[in-house]
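Structure first, then comments.
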Amino acid sequence: MKKTVGILLAGGQSRRFGSPKAFAKYQGQEFYHYSLDALRPFCDEIIIVTRPEFLGRFPADLRVMTDLEGFAGLGPLAGILTGMEAVAADRYIVLPCDMPFIQANVIERLLDAHCGDVSAVTLEGKRHPLVAVWQATVKPTIRQALNEGNRRVMHVQARHDGRWIEGSMLTTLPGLVFTNVNTPCELKGDGEDGCRR
């Protein structure tokens with residue numbers, strides 16, 4: 001049986017949000033819990049990759065770490081490589097911490113549709129490279145890109161056999177499910193100050 005590990009990326013700067021998004025709350029639960037809950041049914045283990053100053057804010061029963069030495073602060077690619085190096089697996093499901101509307105059934109369908117080295121979500125022309133399934137075979141390319149100073153996730157994806165999966169194939173509410181919450185008003189639903197209606 002294939003070993004699957006989840007990598008939850010929770011190391012962003014959250015500049016637009018104004019506070020660490022991983023710990024922002026939606027319906028009484030911190031954002032990162034939603035990604036954890038979506039990953040759990042399909043993962044043998046889950047790694048949370050975060051910033052050093054956030055380590056103590058996660059429960060002790062979760063496996064939380066910071067970027068590999070030499071790659072600290074180099075963005076999502078560094079987080080993905082960190083998770084891959086921490087636990088050997090056949091494939092890795094990657095999710096960001098700022099998608100509080102993500103659901104386990106969406107991850108199930110993503111896994112079913114996955115083929116090649118990397119599969120990630122696209123929605124109406126907007127790509128979501130951090131909602132993805134990565135085979136372990138991609139790890140050397142990630143390390144090479146970071147060593148060369150290239151931090152672009154899609155650069156690595158483009159160098160491998162992969163697939164962009166339309167979000168509407170995974171859920172009937174793709175516009176909501178794949179929302180990256182970047183500002184607090186996006187959770188209000190009142191339409192004010194550019195908020196989502």
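What the table below lists for this structure:
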| item | result |
| --- | --- |
| Scope segment 128-161; condition under 17 Å from the mean Cα position of the chain (by Cα) and among the small types (G, A, S); matching residues | A132, A136 |
| Failed condition for D161, given (1) surrounded by 15 or more Cβ atoms within 10 Å (Cβ to Cβ); (2) touching a residue at least 24 places away in the same chain (Cβ under 8 Å) | (1) |
| Filtered residue count, segment 169-182, keeping only those that are outside any loop (DSSP other than H, G, I, E, B) and surrounded by fewer than 16 Cβ atoms within 10 Å (Cβ to Cβ) | 3 |
| Segment 143-158, subset in a loop (DSSP other than H, G, I, E, B) and of a type outside the set (D, E, K, R), residue surrounded by the fewest Cβ atoms within 10 Å (Cβ to Cβ) | G149 |
| Any strands (runs of 3 or more DSSP E) falling wholly within segment 35-102 and containing at least 1 residues that are without any contact (Cβ under 8 Å) to a residue 40 or more places away in the chain | 63-65 |
| Lone unmet requirement of (1) modelled with pLDDT of 95 or more; (2) touching a Lys or Arg at 6+ places or on another chain (Cβ under 8 Å) for E186 | (1) |
| Contacts under 6 angstrom Cβ, first residue in segment 114-126 being at positive phi, partner of a type outside the set (S, T, N, Q), 6 or more apart | G116/D161; G116/G162; G116/R163 |
| Test result for G28, touching a Lys or Arg at 6+ places or on another chain (Cβ under 6 Å) and either closer than 22 Å to H155 by Cα or surrounded by fewer than 17 Cβ atoms within 10 Å (Cβ to Cβ) (or both) | no |
| Positions within segment 117-137 being surrounded by 14 or more Cβ atoms within 10 Å (Cβ to Cβ) and either among the charged types (D, E, K, R) or farther than 27 Å from P100 by Cβ (or both), in sequence order | D117, R127, Q135, A136, T137 |
| Test: residue in segment 14-32 that is more than 17 Å from P100 (Cα to Cα) and either at pLDDT 95 or above or of a type in the set (S, T, N, Q) (or both) | no |
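The values are calculated or read from the model by the stated rules, or taken from the named source; none is laboratory data. If you're wondering where the values come from, they're calculated on a predicted model, not measured in any experiment. All Cβ positions, even for glycine, are placed from backbone atoms using ideal geometry, and neighbour counts span all protein chains on display.
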